[in-house]
Amino acid sequence: MNEAFADGSSGARRDSNLQRTGNDWIEAAFRAARAADPNAKLCYNDYNTDNWSHAKTQAVYNMVRDFKSRGVPIDCVGFQAHFNSGNPVPSNYHTTLSNFAALGVDVQITELDIEGSGSSQAQQYQGIVQACLAVARCTGITVWGVRDTDSWRASGTPLLFDGSGNKKAAYTSVLNALNAGGTTNPNPTPTPGPTTPPPTGGGSCTATYSEGEKWGDRFNGVVTIRANSAINSWRSTVTVRSPQKIIATWSGTPSWDSSGNVMTMVPNGSGALAAGQTVSFGFTVQHNGNWTWPSVTCSAS
């Protein structure tokens, strides 16, 4: 499914004959595709969904989250990733890929091109590759053409080879990032315990920690909040062990105590959950030599 959402701040679907039948047409198409071919990989693909803070990105994210919560078949999300001086690679690009992957789908960069030249273009290409390598469920990068002259944006020289087929600085930066990505992840095993520790908390909600991607200097964690009975909102604390520091978060609003070792996470919006319903948030820990998992708790109101 391709480009079903509108640009701008509305977060709405694009107008089309299909959309005029109601919001269920993408779901109906995915269910029909799965029934027709159970082995087909079902993906949603769009452009201008690279910046986590943009309304269009959030609209697609909410659709995918809804699909996953209701068992609508969807396997991956594609990000077209067309960048230029007016739309550079956003600083939160890794957050976007991580947040979608945390929903349980693969993410792919499907139409990558970056207008520009020289070191600036090379650095942006390198950043894109590094962001994908840092997310275990980022399963592919497709550059949208080979030579600059083949591009739909030829005047912007956005590809890895010039019009004569010569390798550009961007080519070298991509190759270097790919080669480094194969050697800088020792994938050590944090301690303690099993991959998913027992839930903590009590009463009306519990918090369960599970490990995410791991690199040489940091690791991701995901906390799943489960409502044991209907709740109006929730609050979770995450405690890391010095010298660890939490350097990034997603899917919630964090605050820290004076030590910087205890993070309190609350919902971005309504935290209301029905009995048995779950919601997750995530974070990245700079471990500084300490691989011990954080401890997590949950309280509800």
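The values are calculated or read from the model by the stated rules, or taken from the named source; none is laboratory data. All values derive from a computational prediction rather than experimental measurement. We place every Cβ from the backbone using ideal geometry, glycine too, and count neighbours over all the protein chains shown. Side chains included, ligands, DNA and RNA excluded: accessible areas come from the protein's heavy atoms. Shrake-Rupley method; radii C 1.70, N 1.55, O 1.52, S 1.80 Å.
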*How many residues are hydrophobic (A, V, I, L, M, F, W, C), closer than 23 Å to ALA134 by Cβ and open to solvent by 40 Å² or more (accessible area, probe 1.4 Å) if we restrict to the stretch 257-301?*
1
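Let's see how each residue does on (1) within 25 Å of the chain's Cα centre (by Cα); (2) within 21 Å of ASN45 (Cα to Cα); (3) part of a helix (DSSP H, G or I); (4) hydrophobic (A, V, I, L, M, F, W, C):
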| position | (1), (2), (3), (4) |
| --- | --- |
| ALA131 | yes, yes, yes, yes |
| THR139 | yes, yes, no, no |
| THR142 | yes, yes, no, no |
| PRO158 | yes, yes, no, no |
| GLY165 | no, no, no, no |
| SER173 | yes, no, yes, no |
| ASN176 | yes, no, yes, no |
| ALA180 | yes, no, yes, yes |
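Take the residues in the stretch 9-57 that are aliphatic (A, V, I, L, M) and part of a loop (DSSP other than H, G, I, E, B), then tell me which one is surrounded by the most Cβ atoms within 10 Å (Cβ to Cβ).
LEU42
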_Sole residue being open to solvent by less than 50 Å² (accessible area, probe 1.4 Å) and assigned to a loop (DSSP other than H, G, I, E, B), chosen from VAL77, VAL72, VAL107, VAL60_ = VAL72
*asked:* Just to be sure I understand the filter: pairs with C-beta atoms under 8 Å, separated by 6 or more residues or on different chains, first member in the stretch 112-130 and open to solvent by 70 Å² or more (accessible area, probe 1.4 Å), second member part of a loop (DSSP other than H, G, I, E, B). Which pairs pass?
replied: SER117/THR157; SER117/LYS168
*For the stretch 80-104, how many residues meet the condition of being open to solvent by 20 Å² or more (accessible area, probe 1.4 Å), within 16 Å of the chain's Cα centre (by Cα) and among the small types (Gly, Ala, Ser)?*
3
*asked:* Suppose the filter is in a loop (DSSP other than H, G, I, E, B) and hydroxyl-bearing (Ser, Thr, Tyr); does SER258 pass it?
replied: yes
*Residue by residue through the stretch 155-177, note down the ones that are farther than 14 Å from GLY127 by Cα and either open to solvent by less than 40 Å² (accessible area, probe 1.4 Å) or aromatic (Phe, Trp, Tyr) (or both).*
GLY156, PRO158, LEU159, LEU160, PHE161, GLY163, GLY165, LYS168
*Restricting the stretch 136-154 to residues that are closer than 28 Å to LEU103 by Cβ and touching a Lys or Arg at 6+ places or on another chain (Cβ under 9 Å), the residue that is surrounded by the fewest Cβ atoms within 10 Å (Cβ to Cβ)*: ALA136
